[in-house]
1. List, in order, the whole-Hz ³J(HN,Hα) value for each residue of segment 47-59 obtained from phi through the Karplus relation with A = 6.51, B = -1.76, C = 1.60 and θ = phi - 60°; use x for Gly and Pro.
2. Once Lys and Arg get +1 and Asp and Glu get -1 on their Cβ, which of A251, V220, Y189 lies farthest toward the positive end of the dipole of the chain?
3. Would you compute, from DSSP H runs of 4+ residues alone, the mean residue ellipticity of the chain at 222 nm, taking -39500 (n - 2.57) per run and dividing by the full residue count, rounded to the nearest 500?
4. Could you give the length gained on full extension between K237 and K82, defined as 0.36 nm per residue of separation minus the Cα-Cα distance, in nm?
5. In percent, what relative contact order does the chain have, based on Cα pairs under 8 Å that are 6 or more apart in sequence?
6. Could you give the size of the charge dipole of the chain about its Cα centre, using +1 on the Cβ of each K and R and -1 on the Cβ of each D and E, expressed in debye and rounded to the nearest 20?
7. Given Cα pairs under 8 Å that are at least 6 residues apart, what percent is the relative contact order of segment 79-214?
8. Greater than 28 Å separation of Cα atoms is the criterion. Which listed pairs, K142/K236; K58/K98; K180/K269; K82/K265; K168/K193; K180/K237, meet it?
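Each reported figure results from applying straightforward, stated rules to the coordinates on display, with no laboratory input. Quick caveat: nothing in here was measured; it's all calculated off a predicted structure. Please note: Cβ atoms are built from the backbone with ideal geometry, for glycine as well, and neighbour counts cover all protein chains shown.
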Amino acid sequence: MKKFSMVLTSLLLVAGLVTGCGSTPAAPEKSSGGLPADVQAIKDRGVLKVGVKVDVPKFGYKDPKSDVVDGYEIDLAKAISKKILGTEKIETTAVTAKTRGPLVDSGDVDLVIATFTVTEERKKSYNFSDSYFTDGVKLMVKKDSGIKGLKDLNGKKIGVAQSATSKKAIQEAADKLGAKITFLEFSTYPEIKTALDSGRVDCFSVDGSILFGYLDDSTVILDDSFSPQDYGVASKKGNDGLAKTVNDTIAELKASGELDKMIQKWGLK
């Protein structure tokens, strides 16, 4: 009987250890080379797949003549690639505010670096890096519209991108002012600018740095600014090794001043 009690006690201790281990988040699985498995997979492939914007001048923009995509976020993608692969080897996929999340979920891209605003709700679905740029939602209108601020948009239409945070930010600000506004959602930024030019909407709203890429002689960006937007690099939940590598890279770029140089290179504010 005594022997049975000792065996039972031993089994309970083992069970307790297993239970205790199960309550601690597992560290990223390491490959035989010592790298996290998700990072090693990219290294073995030899290219980093990144979802980027192709319609946001200075961030991610595809030149219609050369078909070359460049911008601040492209430079950041190359820096992350160099950290993982030792070389700036990236494969870009064009994304919109609506498609960038699903492309991460499906594994078609490793990362999304596409003016993706970090929110608490989005962090439930994706790994986000620390912020690499902070902006605010702003308003672009026609110069001859007579519109000077959000309160002047009472009863008017505002064009926003599908699944973007702009709509919520503007709606909350309008509610405080008692202004009644309506929204039209579009797939791309050029579509919103065309709608503004044609009079289909009275205002084009998105982050200020994006709007500056669409500013021309007929339009003006108002002084109003709403809801600070922190941009982060998004990766798939579970790819924690990759998320750490991205964050380490951004931290190094900030510490060395290289991130500021990138921002200055593209004339971002």
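1. Using θ = phi - 60°, the values come out as 7, 9, 8, 10, x, 9, 7, 10, 10, 10, x, 6, 9 Hz.
2. A251
3. -11500 deg cm²/dmol
4. 53.5 nm
5. It rounds to 24 percent for the chain.
6. Around 680 debye, computed over the chain.
7. 27 percent
8. Checking Cα-Cα distances, K142/K236; K180/K269; K180/K237 exceed 28 Å.
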